[in-house]
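To start, the structure itself, in structure tokens.
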Amino acid sequence: MFTLNLIPSTPITFSKSTHQYFPIKRIQTPKNLAEAPVFLTKSTPLNFNKIHACPFGKIQALSTKTTHLGKILENPSRKAGSHVPKAAASSESNPEGEAESVEAAAAAKSKAKTLQLALVFGFWYFQNIVFNIYNKKALNVFPFPWLLASFQLFAGSIWMLVLWSLKLQPCPKITKPFIIALLGPALFHTIGHISACVSFSKVAVSFTHVIKSSEPVFSVVFSSFLGDTYPLKVWLSILPIVLGCSLAAITEVSFNFQGLWGALISNVGFVLRNIYSKRSLQNFKEVNGLNLYGWISIISLFYLFPVAVLVEGSQWVQGYQQAIQTLGKASTFYIWVLLSGIFYHLYNQSSYQALDEISPLTFSVGNTMKRVVVIVSTVLVFRNPVRPLNALGSGIAILGTFLYSQATAKKVSAPEKKS
């Protein structure tokens, strides 16, 4: 046994073996290489220090690269970059296919958006029609709008409490400043709601909605007093509204001053609610529309019900008995009142959801068409007589509402483009 120290720090020991010795032949150059690697030429002695310094993984990688180089030398006709995966090569060589797939995905997304919009508008219109029909049916046999309006707010409050308790709708964080900010909008909402119910109890539903289509007139007037400016197109658009509503009121068969004033006061209440909400709720933009309306309904209930007891509470029992006697079944009356309360909240909920999904212009146009659908539906259900001039006035008023929505949408979009 003898020891050969090729490297000072690494001794290598050779031991004797009984096997037959074979002479060490010169390492042959591989046939597939044009020339031998540098470390295998005769003129270059083996450098054990460099071999010792390389990890075995790198030596193996070197041999792998050498084999790959040999394959390239054996087949020089092979194109460079042909080892790229087929998927990458095909994607680069077919840009038209990628464009078609992107267009198909965009078309599918557009169709899904259109379907969602159609469903939102469909539910909104359907719920509004159901509310107006059963609300009017209940008022025909039980003409006490203050109690019925209170019950509708109560049904909406219970609905929201169920959604919050089951975590189907995230409950907003309730703070004292938030409640204080809601007091004003909830008060004006109460005024608008009870005034509309009073109007529904006195005149035909179609007439109330025609008068309520004049809401843009009050919006422009009150906003102008508070410092907002409107272009001439907006002011011109409210003229057909005033003309149409006046013509419809003069020719209305079921005309009643209490019904007229109820619809007009309702417009004032809802316009002031919208204006006051923008000013008092600027610091609570994280609260979505549905939660905001839920809390407005709850606070409005506390405003309305005590006043309802004072105004007509002494007549409720007698009115209830007469309603049951007229219908013959108490269950029918209960169903009408319940449906009016549930669908009152649902159609308002759908309107807030629609406003979250679409632009304000689309919402305004949809709201205008909603009045048309409701007017036609209630005329067909209750068979209210409609004179030609009355129909003409209603059409002119609704057309003015549509023109107003177009004009105000351009007014809103102009500052956005400048910014």
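The values are calculated or read from the model by the stated rules, or taken from the named source; none is laboratory data. Bear in mind that the values here come from a model prediction, so they are computed numbers and not experimental data. We place every Cβ from the backbone using ideal geometry, glycine too, and count neighbours over all the protein chains shown. What goes into the accessible areas is simple: the full protein's heavy atoms, side chains included, and nothing from ligands, DNA or RNA. Shrake-Rupley method; radii C 1.70, N 1.55, O 1.52, S 1.80 Å.
Given (1) farther than 12 Å from SER340 by Cβ; (2) surrounded by fewer than 22 Cβ atoms within 10 Å (Cβ to Cβ), where does TRP124 come up short, assuming only one miss?
Unmet for TRP124, out of (1) farther than 12 Å from SER340 by Cβ; (2) surrounded by fewer than 22 Cβ atoms within 10 Å (Cβ to Cβ): (2).
I'd like the residue in the range 368-382 that is in contact with a helix residue (DSSP H, G or I) (Cβ under 7 Å, 6 or more places away or on another chain) and within 12 Å of ASN128 (Cβ to Cβ) and, out of all such residues, is surrounded by the fewest Cβ atoms within 10 Å (Cβ to Cβ).
Only one residue fits best here, namely VAL373.
Output the residues belonging to the range 211-229 that are modelled with pLDDT under 90 and over 29 Å from the mean Cα position of the chain (by Cα).
VAL221, PHE222, SER224, PHE225, LEU226, GLY227, THR229
Go through the range 131-154 and give me each residue that's under 13 Å from LEU338 (Cβ atoms) and open to solvent by 20 Å² or more (accessible area, probe 1.4 Å).
Passing the criteria: TYR134, LYS137, PHE151, PHE154.
Go over the candidates THR175, THR251, THR229 one by one and state the one that is of a type in the set (S, T, N, Q), open to solvent by 10 Å² or more (accessible area, probe 1.4 Å) and in contact with a Gly (Cβ under 7 Å, 6 or more places away or on another chain).
THR251
Could we say that ILE158 is open to solvent by 50 Å² or more (accessible area, probe 1.4 Å) and farther than 25 Å from LYS278 by Cα here?
yes
Residue by residue through the range 272-302, note down the ones that are among the aromatic types (Phe, Trp, Tyr) and open to solvent by 60 Å² or more (accessible area, probe 1.4 Å).
TYR276, PHE302 - these are the residues of the range 272-302 that are among the aromatic types (Phe, Trp, Tyr) and open to solvent by 60 Å² or more (accessible area, probe 1.4 Å).
Output the number of the condition that PHE305 fails; it satisfies all remaining conditions of (1) at pLDDT 95 or above; (2) open to solvent by less than 20 Å² (accessible area, probe 1.4 Å).
Going through the list (1) at pLDDT 95 or above; (2) open to solvent by less than 20 Å² (accessible area, probe 1.4 Å), PHE305 breaks only (2).
Kindly indicate whether LEU339 is more than 18 Å from CYS197 (Cβ to Cβ), in a helix (DSSP H, G or I) and among the hydrophobic types (A, V, I, L, M, F, W, C).
So LEU339 fails the test.
Please count how many residues of the range 206-226 are open to solvent by 10 Å² or more (accessible area, probe 1.4 Å), assigned to a helix (DSSP H, G or I) and among the aliphatic types (A, V, I, L, M).
The qualifying residues number 2.
LEU153: in contact with a Leu (Cβ under 6 Å, 6 or more places away or on another chain) and modelled with pLDDT of 80 or more, yes or no?
On the way: in contact with a Leu (Cβ under 6 Å, 6 or more places away or on another chain): yes; modelled with pLDDT of 80 or more: yes.
Yes.
Pairs needed: first member in the range 217-237, closer than 9 Å to THR408 by Cβ; second member anywhere, open to solvent by 50 Å² or more (accessible area, probe 1.4 Å) and among the aliphatic types (A, V, I, L, M); C-beta distance under 8 Å; at least 6 residues apart or different chains.
SER237/LEU403
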